[in-house]
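Accompanying notes for the structure given below.
Any read-out appearing in this document is the output of simple, stated calculations on the displayed coordinates, not a laboratory observation. Since we're looking at a predicted model, the values are computed, not measured. Positions of Cβ are backbone-derived with ideal geometry, glycine not excepted, and every protein chain shown enters the neighbour counts.
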Amino acid sequence: MRIAMIGSGYVGLVSGACFADFGHNVTCVDKDSAKIARLCAGEMPIYEPGLDGLVAANVRAGRLRFTADLAAGMADAEAVFIAVGTPSRRGDGHADLSHVYAAAREIAANLAPGRFTVVVTKSTVPVGTGDEVERIIRETNPQAEVAVASNPEFLREGAAISDFKRPDRILIGVEDSRARQILEEIYRPLYLNQAPIMVTNRRTAELTKYAANAFLATKITFINEMADLCEKVGANVQDVARGIGLDNRIGPKFLNAGPGYGGSCFPKDTLALIKTAQDHDAPTRIVETVAAVNDTRKRAMGRKVIQAMGGDARGRTVAVLGLTFKPNTDDMRDSPAIAIIQTLQDAGARIRAYDPQGMEQARAVLAGVDYADDPYAALEGADAMVLVTEWDAFRALDLARVKRLLARPVVVDLRNVYRPDEMARHGLSYSGVGR
Ligand SMILES: NC(=O)c1ccc[n+]([C@@H]2O[C@H](COP(=O)([O-])OP(=O)(O)OC[C@H]3O[C@@H](n4cnc5c(N)ncnc54)[C@H](O)[C@@H]3O)[C@@H](O)[C@H]2O)c1
């Protein structure tokens, strides 16, 4: 199949490269010409494990191209995917659909007359957006032979390629049989791998993506509240999580207590779902509470660090290990590290941070932070060490060296990766989350 991918960010670039790897002919389009120039030069604009090799192999094989020219990019495409950003709209938390609608208008103006094309929304968009995309396209180009489908993406940053190639399910929301055929053909290689393909109407597909993210955010928030209760009553949240997770009806995943969810999806998607539900007079009160609880948690984690330092952070140096919202990505969008660091800075602390991939993006969102070249350099002379993101590189730190480097032996582990007994053995004053 000939595919155009409009938007070459975390989702568009990974999806485009994987489709090319399935054997399709893919052109990735982005209006950010600097990003396209880097891609054309063989450089990755984002960090995602395995992506550079996958892109290079498919460019070499002639199946993957990049352009900033949307008209050229979709010239002979049978399917045009929209994978542009849908951030929170400033002020009210609704999804900002301006990029989606702008892409729809541009696509419409370039649809070839007399040839059927399916336009597929891969971006996460509120229920009903497909209707508006279709209206825009028909208004802009009444002659176009086109159908609009929804194909929400469920990949996780850090494991994006394996998620895309071995998904739990593929969801296609479609009202038109030709569009359905094209999408089934595009995903046929996965069908042969027995990945479940689920076909629904367009609105159901759109809503399912939000329901999935809201449910996962709820699971995380639930265990985080259990962690707070565990601390009060002397229970261990990791054992509670295992104790409930072994129940098949609950399942063990997404039950790791921590500093609150962040990232480019859960915060904005829970907010957008709340707004959509309110607009339809069917408020999602559980999700409203989840978002509110999670929001206050991040600064509370900053206060937890101050408490571990004896209640006063003024003039102290805090070494922060890990900045990205999760390991194996460089994505800093809505990372809990931001609120935690700002809380510490508000209390007068100096921050020295290290992250294996996130420091470039962090520089753009955090002011007044010193960056170290490696975890040990961050710890030198610091009054506390705080682990915010559980990169593998932090799991096996030399604890004797940690103890030697820190001016005060305070360790706050917001991901529960260390063993309290080992920390105590090395003379470190240790606190985790919920145990
Ligand atoms: N990042 C994830 O893990 C993830 C997972 C599932 C779904 N999603 C959803 O996928 C969508 C994209 O997310 P992302 O993280 O890839 O965003 P991103 O910001 O990394 O990428 C979006 C890209 O679209 C480009 N763009 C915007 N308007 C354009 C236009 N009119 N024409 C061409 N290019 C345009 C931008 O320049 C940018 O490079 C969002 O709706 C997001 O919610 C993201």
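Before moving on, here are some points about what is shown:
- Charges were assigned to the Cβ only: +1 to each Lys and Arg, -1 to each Asp and Glu. The resulting dipole of segment 290-402 about its Cα centre is roughly 480 debye.
- At most 15 other Cβ within 10 Å, DSSP loop - GluC sites (Glu not before Pro), segment 345-424: GLU380
- Taking the charge dipole of the chain about its Cα centre, with +1 at Lys and Arg Cβ atoms and -1 at Asp and Glu Cβ atoms, the residue from TYR101, ALA71, ALA227 reaching farthest to the positive side is ALA227.
- Note on segment 109-137 and segment 2-42: Cα centroid distance 19 Å, given to the nearest whole angstrom.
- Projecting the Cα atoms of THR317, ILE250, THR289 onto the dipole axis of segment 201-321, where Lys and Arg carry +1 and Asp and Glu carry -1 at the beta carbon, places THR317 farthest toward the positive end.
- In straight-distance terms, cross-link reach from LYS209 covers every one of the lysines whose alpha-carbon lies under 27 Å from its own, apart from those fewer than eight places away in the same chain; here that gives LYS31, LYS122, LYS165, LYS219, LYS253, LYS268, LYS275, LYS298, LYS326.
- For peptides 29-39, 306-316, sequence by mean Cβ density within 10 Å, most packed first: 29-39, 306-316
- Under 18 Å from LYS232, Cα to Cα: lysines that are on another chain or at least 8 residues apart: LYS304
- Once C-alpha pairs closer than 8 Å and six or more residues apart are averaged by separation and normalised to the residue number of segment 202-435, the relative contact order reads 21 percent.
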